[in-house]
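The values are calculated or read from the model by the stated rules, or taken from the named source; none is laboratory data. Predicted model only: the values in this text are computed from it and were never measured. No Cβ is skipped: glycine too gets one built from the backbone with ideal geometry, and neighbour counts run over all protein chains shown.
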Amino acid sequence: MVLGELGGTISRALQQMSNATIIDEKVLNECLNEISRALLQSDVQFKLVRDMQTNIKKIVNLDDLAAGHNKRKIIQQAIFNELCKMLDPGKPSFTPKKGKSCVVMFVGLQGSGKTTTCTKYAYYHQKKGWKPALVCADTFRAGAFDQLKQNATKAKIPFYGSYMESDPVKIAVEGVERFKKENCDLIIVDTSGRHKQEAALFEEMRQVSEATKPDLVIFVMDSSIGQAAFDQAQAFKQSVAVGAVIVTKMDGHAKGGGALSAVAATKSPVIFIGTGEHMDEFEVFDVKPFVSRLLGMGDWSGFMDKIQEVVPMDQQPELLQKLSEGNFTLRIMYEQFQNILKMGPIGQVFSMLPGFSAELMPKGHEKESQAKIKRYMTMMDSMTNEELDSSNPKLMNDSRIMRIARGSGRAVREVMEMLEEYKRLAKIWSKMKGLKIPKKGEMSALSRNMNA
Ligand code: GDP
């Protein structure tokens with residue numbers, strides 16, 4: 001993932017600074033220059049990068065920081081805050097409410113990934129218990145209805161459209177009415193895109209909007225345009241009441257960071273990012289967790305979000321309870337591996353955990369990583385209940401390790417490697433110790449606290 005490279009450069013710069021014996025002006029400047037270069041390569045506007053540098057230097061006045069101050073921590077915090085500021089539109093997005101027939105209209109240029117994103121959005125909500133439906137009001141592009149129909153069928157989401165009708169407004173109204181009657185709570189209307197911004201497109205958008213009265217209009221844009229996203233987002237905002245933005249193709253383009261910061265500058269909240277062609281390559285976008293991931297600090301809320309998707313509802317409180325007690329046993333690791341294997345694109349999930357993606361899950365080696373997890377699980381199948389349920393690392397003595405290796409047909413070295421991985425994971429998850437157990441629906445608030 002190209003964004004991963006940006007994150008990698010930034011966290012390496014921070015790491016280098018941390019490794020320096022003394023943090024002086026020169027070390028700070030080197031770190032800031034490295035981060036600035038990475039941001040400029042991502043097509044972040046020069047002025048934003050320059051302002052970030054100036055602000056950080058103002059906050060981190062090395063001369064004024066008395067000895068004993070943790071300079072590294074202060075610098076890291078300042079960089080974190082400035083990057084958040086760069087991506088923060090200063091305005092929250094409207095969030096549809098479950099159970100009320102909510103109409104969400106998608107707009108954007110042709111090729112931006114609009115149709116794909118409509119299904120991803122529907123699928124995401126369906127997994128969270130919503131009853132979504134898709135309406136294809138794109139009568140401009142030949143094949144648009146077929147594409148939507150195909151995606152919707154695959155995801156088992158009801159859809160509406162027509163091969164014969166050429167009036168997008170009529171289709172949109174009929175579709176919305178039908179799904180309201182069927183008590184769908186998220187009615188998604190896909191509108192036509194054009195090759196470029198043109199009057200006819202904006203007029204059609206206005207008419208569909210007028211007729212369907214959407215609760216939310218989502219503008220979909222391709223991240224490859226980088227900072228040019230500012231003009232595009234402005235143009236759409238001026239024609240129709242854009243309430244939120246989804247930035248697609250963050251997996252393939254070096255300019256993703258630039259696009260995100262440019263959209264923020266138009267004061268439009270980005271709510272999701274597209275990270276691949278598949279239905280589940282779609283992530284909630286939240287500034288703080290996103291930046292913390294960029295800085296290699298992990299993204300707990302993204303991870304928790306994924307957990308909510310795959311850990312059965314009734315098991316979530318139990319898992320959180322165990323974690324809150326600081327009891328990360330091998331059995332929990334086993335169960336989490338099972339869940340992770342169900343989660344789809346595995347690298348995506350792991351990249352949300354601090355320190356994880358690079359080691360257990362190197363990018364581009366997802367198949368091997370998956371095989372590794374399965375291997376670990378085979379070894380754990382040869383463990384006794386006592387071993388699985390203990391959180392005492394001393395229990396795993398040589399004779400137990402040898403027995404597990406024999407039982408699973410694996411080398412002793414491999415069992416030891418698996419146990420090392422367990423220790424590493426237990427350390428990461430120990431951050432969960434003492435967390436308050438959330439009530440239903442409070443998971444995201446909890447995870448946001450953890451990122452704070
Ligand atoms: P539309 O014309 O705006 O409706 O665009 P489509 O939904 O047809 O998408 C155009 C192309 O972009 C298709 O090949 C999609 O598979 C691809 N696409 C959409 N979103 C993403 C994404 O997040 N990442 C990648 N790599 N490709 C995407």
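Quick notes
Quick grid of which residues meet (1) within 15 Å of the ligand (Cβ to nearest atom); (2) assigned to a loop (DSSP other than H, G, I, E, B); (3) surrounded by 24 or more Cβ atoms within 10 Å (Cβ to Cβ):
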| position | (1), (2), (3) |
| --- | --- |
| ILE246 | yes, no, yes |
| ASP251 | yes, yes, no |
| ALA254 | yes, yes, no |
| GLY258 | no, no, yes |
| SER261 | no, no, yes |
| ALA264 | no, no, yes |
| LYS267 | no, yes, no |
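- Every residue from the range 69-84 that is assigned to a helix (DSSP H, G or I) and without any contact (Cβ under 8 Å) to a residue 24 or more places away in the chain: LYS73, ILE74, GLN77, ALA78, ASN81
- Screening ASN449 with (1) in a helix (DSSP H, G or I); (2) surrounded by fewer than 17 Cβ atoms within 10 Å (Cβ to Cβ); (3) modelled with pLDDT of 50 or more gives one miss only, at (3).
- Among the residues of the range 91-128, the ones that are within 16 Å of the ligand (Cβ to nearest atom) and not aromatic (Phe, Trp, Tyr) come to 17 in all.
- For the range 98-109, the criterion of a residue being free of Cβ contacts under 8 Å to residues at least 12 places away in the same chain and among the polar types (S, T, N, Q) is satisfied by no position.
- For the range 122-157, the set of residues classified as hydrophobic (A, V, I, L, M, F, W, C) and under 21 Å from LYS180 (Cβ atoms) consists of ALA122, TRP130, ALA133, LEU134, VAL135, CYS136, ALA137, PHE145, LEU148, ALA152, ALA155, ILE157, listed by residue number.
- Among (1) out of contact with any Asp or Glu (no Cβ under 7 Å at 6 or more places or on another chain); (2) surrounded by 15 or more Cβ atoms within 10 Å (Cβ to Cβ) - the single one GLU30 does not satisfy: (2)
- Among the conditions (1) assigned to a loop (DSSP other than H, G, I, E, B); (2) under 26 Å from GLY276 (Cβ atoms); (3) of a type in the set (Val, Ile, Thr), THR139 misses just one, which is (2).
- The range 342-372: number of residues that are modelled with pLDDT of 85 or more and surrounded by 17 or more Cβ atoms within 10 Å (Cβ to Cβ): 1
- Applying the set (1) modelled with pLDDT under 80; (2) within 16 Å of the ligand (Cβ to nearest atom) to TRP300 leaves exactly one unmet item: (2).
- Cross-chain or 6+ apart pairs with Cβ under 9 Å, the range 135-156 first and surrounded by fewer than 22 Cβ atoms within 10 Å (Cβ to Cβ), then in a loop (DSSP other than H, G, I, E, B) and among the aliphatic types (A, V, I, L, M): ASN151/ILE157; ASN151/MET279; LYS154/MET279; ALA155/MET279
- So LYS131, is it more than 16 Å from the ligand (Cβ to nearest atom), in the same structural domain as ALA211 (by TED's automatic domain parsing), modelled with pLDDT of 90 or more and not small (Gly, Ala, Ser): yes
- When the residues of the range 275-290 are filtered to those that are aliphatic (A, V, I, L, M) and either within 16 Å of the ligand (Cβ to nearest atom) or modelled with pLDDT under 85 (or both), the one that is nearest to ALA155 (Cα to Cα) is MET279.
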